[in-house]
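Undergrad: This is the structure, below, for whatever I ask next.
The values are calculated or read from the model by the stated rules, or taken from the named source; none is laboratory data. It should be emphasised that the depicted structure is a prediction, and the values quoted were computed from it without experimental measurement. Because the Cβ atoms are built from the backbone with ideal geometry, glycine has one as well, and the counts that use them run over all protein chains shown.
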Amino acid sequence: MTALDSLRETFRRDQVFDFMRQGTRPVLPGQVDAGKNILYLEDITVSFDGFKALNDLTLYIKTGELRCIIGPNGAGKSTMMDVITGKTRPDSGTCFFGQTLDLTRMSETDIATAGIGRKFQKPTVFPEHTAFENLELAMNAPKGAWHSLFSQLSGEQRDWIEQTLATVGLLDDRDKVAGLLSHGQKQWLEIGMVLMQKPQLLLVDEPIAGMTRQEVERTGELLKSLAGEHSVVVVEHDMEFIRSIASTVTVLHQGSVLAEGTMQQVQNDPKVIEVYLGE
Amino acid sequence: MRHSTFKTALTDRTARHFIGVLFAATLLAVLCNQLFPADSALHVSSYTITLMGKYLCYALLALALDLVWGYCGILSLGHGAFFALGGYAMGMYLMRQIGDRGVYGNPTLPDFMVFLNWKELPWYWHGVDHFWFAALLILLVPGLLAFVFGWLAFRSRVTGVYLSIITQALTYALMLAFFRNELGFGGNNGLTDFKDLLGFSLQADSTRVGLLIASAVALAVAFVLCRWITGSKLGRVVLAVRDAESRARFVGYRTEHYKLWVFTVSAILAGIAGALYVPQVGIINPGEFSPLNSIELVVWVAVGGRATLYGAVIGAIVVNYGKTVFTGLMPEAWLFALGGLFVLVTVFMPQGLTGVVQQNWPKLKARLSRNTDQETSNDCA
């Protein structure tokens, strides 16, 4: 690019400078400016060694909705989560949280603090800490090192942690080391940790893997109760589970959206049937 | 669960026991040294006093490593560098205290500079004749190096074996640098021939006793400090970083800041240990930067048991006592013994000595109480 080109690029007449745009939208750093939609993914492409894990993916999540995302293995579900949480950077495309927060430029920590909580596919808790401590660490509180050295739990915070323990059914195991919890309990503990972050958007990756039937039911109820106040995105394989909780379902295939709609619509979509059942 | 403040860390049971045993042993040695005449069976020689002081400095160094390795999972193979830097800062102060009592009798230039035909003091040697300034250097130089090094390493997310290798490279590079005469730290001879510290002669028994007590106090304070850190929320975050760093990041912690914090604090503690060590052994030379020293240090902590704090202290004292005895008996075999020890501990006692005791403690306790029960029943009969 010549100097003239870069000069023109700098002074493009159809755009304003970033600092001017912030002046017109007074948003505090880290605060989400959510309108109708809370998450905007547009034309996201991610490729690993030539394989396109995401291929021009465009997806919007409405504020307060519970969205289920399904798709065969390798459809790009987890990669999409990675892009949203900053673990993977897209090759192209934009990814906005609310109207103003450009997730492709933020670190994992910044994204978490801005209000996106994630439950991983494989439950990842802090194995040497008790359930209570796990929630304490996840709590939405100042996260600086010096602050942590002097911080003491207040009574309210203690109550809040206990409330969350009750919500995820771990009150009896509060002092148990997380590494010793059962697989299902770990899943719940992780959901609890995400809740303690007070996120506006929850990304929940395969929440019911390894759970018994009753546990699955309770998880479904929990997720449904979270929608409204939070926006929830659930990635799952289990069709029955999705039918029991979902209002809107998005089907991913080969890195882009194949179909979107209610479970009924999606199931009757010939493209979806073809992908899932073969020709 | 502990929610430590400095006060609770000072008064909790582990800290009280630790400080109690440490001060009792120190006091006993000091009293036996001062009260009994040299030919008495109960006399503790000044040599032993200095040896104990040396062990306590090693223990403080091991404590510093345990904080980063045991709790934060950063295996530093270059912690000897911070120890040596603290030592050099103290050595510079002691050199300036010699004054005109050196071999060449030059009132400002240390002997090695006269020998190298230097005409004036390099700029970085100014000010170290004041103890407060040297003390500041002891804290700042290792701390600053750790801060800059850690900032670069942790920000680029260098972890695991790669981090260990570059810490090893750090101490090796410093060793090579300090070997050079041009650097102005005495080259391969280092700094030695010290006369006195704060006006007290280093050859005097009372000074040696004083240094032992100072080392014990420093170790006790550092222990309480580490208990406070590991018991606070910061300690729990650090442990979380060790076990599941990416989870900690997704929860919203800047893990690199936490690692940097702990690494720097640990380096400062190591520097203090080095500064207390140098006046007791009477010399500091580039050999202290040798990678071997840092690896030995890791063995102490591994033998004692990681992530317990007192385990590191026990490990440092046990292994160094073993070294003292062993090198007296068959010096050439010590390195083999050390290597063998490391292999044995890693394979058979991954939790170290303290781990073995902790695992068997319930059984031991049961047996002890059964024995006492029997004794009491025998007594009754």
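Undergrad: Quickly run through segment B:192-212 and pick out the residues that are surrounded by fewer than 16 Cβ atoms within 10 Å (Cβ to Cβ), in contact (Cβ under 8 Å) with a residue 24 or more places away in the chain and either closer than 22 Å to B:PRO110 by Cβ or in contact with a Phe, Trp or Tyr (Cβ under 9 Å, 6 or more places away or on another chain) (or both).
TA: Selection gives B:LYS195, B:LEU198.
Undergrad: So which residues in segment B:234-251 are in a helix (DSSP H, G or I) and facing chain A (nearest Cβ under 7 Å), if there are any at all?
TA: Filtering segment B:234-251 for residues in a helix (DSSP H, G or I) gives B:234-243, B:245-251.
Those that are in a helix (DSSP H, G or I) and facing chain A (nearest Cβ under 7 Å): B:LEU234, B:ARG236, B:VAL237, B:LEU239, B:ALA240, B:ASP243, B:ARG247, B:ARG249, B:PHE250, B:VAL251.
Undergrad: Could you please find all residues in segment A:84-102 being modelled with pLDDT of 85 or more, within 24 Å of A:MET196 (Cα to Cα), buried (at least 22 other Cβ atoms within 10 Å of the Cβ) and more than 14 Å from chain B (Cβ to nearest Cβ)?
TA: Residue satisfying the conditions is A:PHE97 alone.
Undergrad: Between residues in segment A:111-124 that are on the phi > 0 side of the Ramachandran plot and residues that are modelled with pLDDT under 85, which pairs lie under 6 Å by C-beta distance while being six or more apart or on different chains?
TA: Between residues of segment A:111-124 that are on the phi > 0 side of the Ramachandran plot and residues that are modelled with pLDDT under 85, the close pairs are A:GLY115/A:VAL32.
Undergrad: Identify the residue in segment A:134-150 that is assigned to a helix (DSSP H, G or I) and within 20 Å of the chain's Cα centre (by Cα) and, among all such residues, is farthest from the other protein chains (Cβ to nearest Cβ).
TA: Among them, the one singled out is A:LEU135.
Undergrad: Has segment B:89-108 got at least one residue that is more than 27 Å from B:VAL141 (Cβ to Cβ), among the hydrophobic types (A, V, I, L, M, F, W, C) and in the same structural domain as B:ILE268 (by TED's automatic domain parsing)?
TA: The answer is yes; a qualifying residue exists.
Undergrad: Could we say that A:GLY210 is over 18 Å from A:CYS68 (Cβ atoms) and away from chain B (no Cβ under 14 Å) here?
TA: On the way: over 18 Å from A:CYS68 (Cβ atoms): yes; away from chain B (no Cβ under 14 Å): yes.
Yes.
Undergrad: Scan segment A:80-102 for residues that are in a loop (DSSP other than H, G, I, E, B) and closer than 19 Å to B:TYR253 by Cβ and jot them down. Don't jump to the end; show me each part of the working.
TA: So in segment A:80-102, the residues in a loop (DSSP other than H, G, I, E, B) come out as A:86-91, A:98-100.
If the condition is that a residue be in a loop (DSSP other than H, G, I, E, B) and closer than 19 Å to B:TYR253 by Cβ, then A:GLY86, A:LYS87 are the ones that fit.
Undergrad: Also: For A:ASP205, which of the numbered conditions (1) within 28 Å of B:ILE229 (Cβ to Cβ); (2) within 14 Å of another protein chain (Cβ to nearest Cβ); (3) not aliphatic (A, V, I, L, M) fails to hold?
TA: Against the list (1) within 28 Å of B:ILE229 (Cβ to Cβ); (2) within 14 Å of another protein chain (Cβ to nearest Cβ); (3) not aliphatic (A, V, I, L, M), A:ASP205 comes up short only on (1).
Per-residue answers, yes or no, for (1) among the charged types (D, E, K, R); (2) within 30 Å of B:LEU116 (Cα to Cα); (3) in a helix (DSSP H, G or I):
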site	(1), (2), (3)
B:PHE149	no, no, yes
B:ARG157	yes, no, no
B:THR171	no, yes, yes
B:LEU176	no, yes, yes
B:SER206	no, no, yes
B:LEU211	no, no, yes
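Undergrad: Within 8 Å of chain A (Cβ to nearest Cβ) and among the basic types (Lys, Arg) - does that describe any residue in segment B:256-269?
TA: no
Undergrad: Among the numbered criteria (1) surrounded by 21 or more Cβ atoms within 10 Å (Cβ to Cβ); (2) assigned to a helix (DSSP H, G or I); (3) at the interface with chain B (Cβ under 9 Å from one of its Cβ atoms); (4) not hydrophobic (A, V, I, L, M, F, W, C), which one does A:GLN185 miss?
TA: The single condition A:GLN185 does not satisfy is (3).
Undergrad: Among the residues of segment A:103-131, write down those that are surrounded by 18 or more Cβ atoms within 10 Å (Cβ to Cβ), over 20 Å from the mean Cα position of the chain (by Cα) and either within 7 Å of chain B (Cβ to nearest Cβ) or not in a helix (DSSP H, G or I) (or both).
TA: Across segment A:103-131, the qualifying residues are A:HIS129, A:THR130.
Undergrad: Then there's this: Conditions: (1) more than 28 Å from B:LEU309 (Cβ to Cβ); (2) surrounded by fewer than 17 Cβ atoms within 10 Å (Cβ to Cβ); (3) at pLDDT 90 or above. B:MET175 meets all but one. Number of the miss?
TA: The failed condition is (2).
Undergrad: Shifting gears a bit: Within segment B:23-68, track down each residue that is in contact (Cβ under 8 Å) with a residue 24 or more places away in the chain and charged (D, E, K, R).
TA: Scanning segment B:23-68 gives B:LYS54, B:ASP66.
Undergrad: Another question, if that's okay. Exactly one condition in (1) in contact (Cβ under 8 Å) with a residue 60 or more places away in the chain; (2) more than 17 Å from the chain's Cα centre (by Cα); (3) surrounded by fewer than 22 Cβ atoms within 10 Å (Cβ to Cβ) is false for A:THR248; which is it?
TA: That leaves (2) as the condition not met.
Undergrad: One residue is enough: does segment B:270-283 have a residue meeting the conditions outside any helix (DSSP H, G or I), modelled with pLDDT under 95, away from every other protein chain (no Cβ under 12 Å) and in contact with a strand residue (DSSP E or B) (Cβ under 9 Å, 6 or more places away or on another chain)?
TA: Of the residues in segment B:270-283, the ones outside any helix (DSSP H, G or I) are B:282-283.
Next, from what is left, pick out any that are modelled with pLDDT under 95: B:282-283.
From what is left, the residues that are away from every other protein chain (no Cβ under 12 Å) are B:282-283.
This time we only want the ones that are in contact with a strand residue (DSSP E or B) (Cβ under 9 Å, 6 or more places away or on another chain), so: B:282-283.
Yes, the conditions are met somewhere in segment B:270-283.
Undergrad: Name, by its number, the condition in (1) without any contact (Cβ under 8 Å) to a residue 24 or more places away in the chain; (2) outside any helix (DSSP H, G or I) that does not hold for B:ALA307.
TA: Failed condition: (1).
Undergrad: Residue check: is B:SER290 in the same structural domain as B:ARG13 (by TED's automatic domain parsing), over 26 Å from B:PHE200 (Cβ atoms), crowded, with 19+ Cβ neighbours inside 10 Å and small (Gly, Ala, Ser)?
TA: No, not satisfied.
Undergrad: I would also like to ask the following. Determine if segment A:151-171 includes at least one residue that is modelled with pLDDT under 90, outside any loop (DSSP other than H, G, I, E, B) and surrounded by 18 or more Cβ atoms within 10 Å (Cβ to Cβ).
TA: No, every residue in segment A:151-171 fails to be modelled with pLDDT under 90, outside any loop (DSSP other than H, G, I, E, B) and surrounded by 18 or more Cβ atoms within 10 Å (Cβ to Cβ).
Undergrad: If A:PRO207 meets every condition in (1) within 20 Å of B:TYR253 (Cα to Cα); (2) crowded, with 17+ Cβ neighbours inside 10 Å apart from one, which number is that one?
TA: Here A:PRO207 clears every test but (1).
Undergrad: Hey, any hits in segment B:118-129 for a residue that's over 13 Å from B:ALA267 (Cα atoms), crowded, with 18+ Cβ neighbours inside 10 Å, of a type in the set (Val, Ile, Thr) and in the same structural domain as B:GLU245 (by TED's automatic domain parsing)?
TA: yes
Undergrad: Quick check, is B:ASN181 under 17 Å from B:VAL281 (Cβ atoms) and not charged (D, E, K, R)?
TA: no
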